[in-house]
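As structure tokens, the structure follows; a few thoughts come after it.
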Amino acid sequence: QLYYQVLNFAMIVSSALMIWKGLIVVTGSESPIVVVLSGSMEPAFHRGDLLFLTNFHDDPIRAGEIVVFKVEGRDIPIVHRVIKVHEKGNGNIKFLTKGDNNEVDDRGLYKEGQNWLEKKDVVGRARGFLPYVGMVTIIMNDYPKFKVCIQTFGILALV
Amino acid sequence: LRKNVEDFTGPRERSDLGFVTFDITADILNGKNSIFDWNVKQLFLYLSAEYSTKNNALNQVVLWDKIMLRGDNPRLSLKDMKSKYFFFDDGNGLKGNRNITLTLSWNVVPNAGILPLVTGSGHVSVPFPDTYETTKSY
């Protein structure tokens, strides 16, 4: 009996993992679903909204697009809009971003001495979104005890 | 959709800086209906300048943007607007550049769902003069 429960649990976990990995491959992005962490893109996106990304290699980066990028050396993905693009004939691209709700562009957020972002900094382009759904992640980050609660509850529910 | 512009350039350090003033008259529709249907929360409008230079095959610079919320008037009638953001080139490609295209585009932000980028029909070509202006009466 216990054997079946453990097997069942393992199946569910590995299916979830497979779906997630599959999504990574299909979208081309290392992180195809991200949660909006700040209010810098209001009123379009608020903290807790969920974004769906794609990151196809041949997709050009164009002004007006909403990109999710990571500053070199930092782990936090930032969701802002591209406001300047300079692309060379060989495909080499450099671009500048700015949050809709911010007064100034993102140069202050980039690395020391870095003035532009490049394709390698991009996690993906925002293609779709769902409001509020990501709130769970934010609450879990802000209240770690809550995270433990959710995890034990999840395991109990599965078993 | 009509835009009228006047412009002049001024050198800053080593990059060209362009100054543009413009008028925008636009009616944002989705076919015959208002673009603001039940699933449209807002539109993020932006005016971008697109051009080629010796340095870069493609350049796009957003000069101005505006957020239009559901419930706002979908007709725009703006006159004598100055660009919101500095129009710097990555180099000196603005001087004498005859082919700078200004286009109005917008990002449709739904209440939930896909985020499309739409480009308005109609665009304006702006030529920049061959010389720099030394007095900046902007």
Give me the percent of accessible area attributable to carbon and sulfur for chain A, probe 1.4 angstrom. 63 percent
Return the FRET efficiency for the residue pair B:Trp38, B:Lys82: r is the Cβ-Cβ distance, R0 is 35 Å, and the value is rounded to the nearest 0.05. 0.45
Separation between the A:Lys120 and A:Asp59 pseudo-spin-labels, each 7 Å from Cα along Cα→Cβ, expressed in nm? 2.1 nm
The FRET efficiency for A:Ser31 and B:Asp72, from their Cβ-Cβ distance with R0 = 30 Å and rounded to 0.05, is 0.35
Rounded to the nearest 0.05, what FRET efficiency is calculated for A:Ala10 and A:Lys88 with R0 set to 45 Å and r the Cβ-Cβ distance? 0.35
Work out from phi, with θ = phi - 60° and the Karplus expression 6.51 cos²θ - 1.76 cosθ + 1.60, the ³J(HN,Hα) of each residue of segment A:148-154, listed in order in whole Hz, and give x for Gly and Pro. 4, 4, 4, 5, 5, 4, x
Charge dipole magnitude, Cβ of K and R +1, D and E -1 - segment A:1-157, Cα centre, debye nearest 20: 180 debye
Residues whose modelled amide H sits under 5 Å from the amide H of B:Lys41, counting only those 5 or more places away in sequence or on another chain, are B:Val109, B:Asn111
Which value, in Å² and to the nearest 10, is the accessible area of B:Leu43 when all protein chains are kept and the probe is 1.4 Å? 0 Å²
Can you report the principal axis dimensions of segment A:26-86 using only the alpha carbons, biggest first, rounded to whole angstrom? 30, 26, 24
Semi-axes, largest first, in whole Å: what does sqrt of 5 times each Cα gyration tensor eigenvalue give for the protein assembly as shown? 42, 22, 16
Obtain the nm distance between the two label points defined at A:Leu17 and B:Ala57 by a simple spin-label model: each point lies 7 Å from its Cα along the Cα-to-C-beta direction. 4.2 nm
Ignoring ligands, DNA and RNA, what accessible area per residue does segment A:1-105 give at 1.4 Å, in Å²? 53 Å²
Using the Karplus curve 6.51 cos²θ - 1.76 cosθ + 1.60 with θ = phi - 60°, what ³J(HN,Hα) values do you get for each residue of segment A:78-88, in whole Hz, with x for Gly and Pro? 10, 10, 9, 9, 7, 10, 9, 9, 10, 10, 8
How many lysine pairs are close in segment A:1-157, with Cα atoms under 20 Å apart and the two 8 or more places apart or on different chains? 21
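The values are calculated or read from the model by the stated rules, or taken from the named source; none is laboratory data. Not measured: the values here are computed from a predicted model. For neighbour counting, all protein chains shown are included, and Cβ atoms are generated from backbone atoms with ideal geometry for every residue, glycine included. When the accessible area is computed, the model is the full protein with side chains, heavy atoms only, and any ligands, DNA or RNA have been set aside. Shrake-Rupley method; radii C 1.70, N 1.55, O 1.52, S 1.80 Å.
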